[in-house]
1. So for each of 42-52, 22-32, 73-83 I average, over its residues, the number of other beta carbons within 10 Å; can you give me the resulting order with the highest mean first?
2. Only Lys, Arg, Asp and Glu count, each charged at its Cβ (+1, +1, -1, -1), so figure out the dipole size of the chain about its Cα centre, rounded to 20 debye.
3. Summing -39500 (n - 2.57) over the DSSP H runs of n ≥ 4 in the chain and dividing by its residue number, what mean residue ellipticity at 222 nm do you reach, to the nearest 500 deg cm²/dmol?
Amino acid sequence: MSARGFDGPLAEGRRWVEADGVHIDVRGLQPPGPLVAILELVESIRDATPVIVHHERDPQLLYPELAEIGWRAVRLDAEAGEVRLKLERVP
């Protein structure tokens, strides 16, 4: 069980690394899976590596959680039906 109380398929997301950061695709996960998966990934990063989130809706509950741990979200251009966010550590 994770620190947030969930594990297994609920808290997973497909992850990969590209030049612009670590990507996580949480589309199709049932709540609170996307929130848990994103926060677990962010909390595991110890440097300034950005996280790129691929989501199907605007994750309103994520923003205050990010602020609490010193991160912020910037919305990126994405195709219709996708919300893409760049998460960055606040300097």
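1. So the order, starting with the most tightly packed, is 22-32, 42-52, 73-83.
2. Computed about the Cα centre, the dipole is about 100 debye.
3. -6000 deg cm²/dmol
Read the figures in this text as sums done on the coordinates, not as results from a lab. Model, not experiment: these values are computed from the prediction. Positions of Cβ are generated from backbone atoms using ideal geometry, with glycine treated the same way; all protein chains shown enter the neighbour counts.
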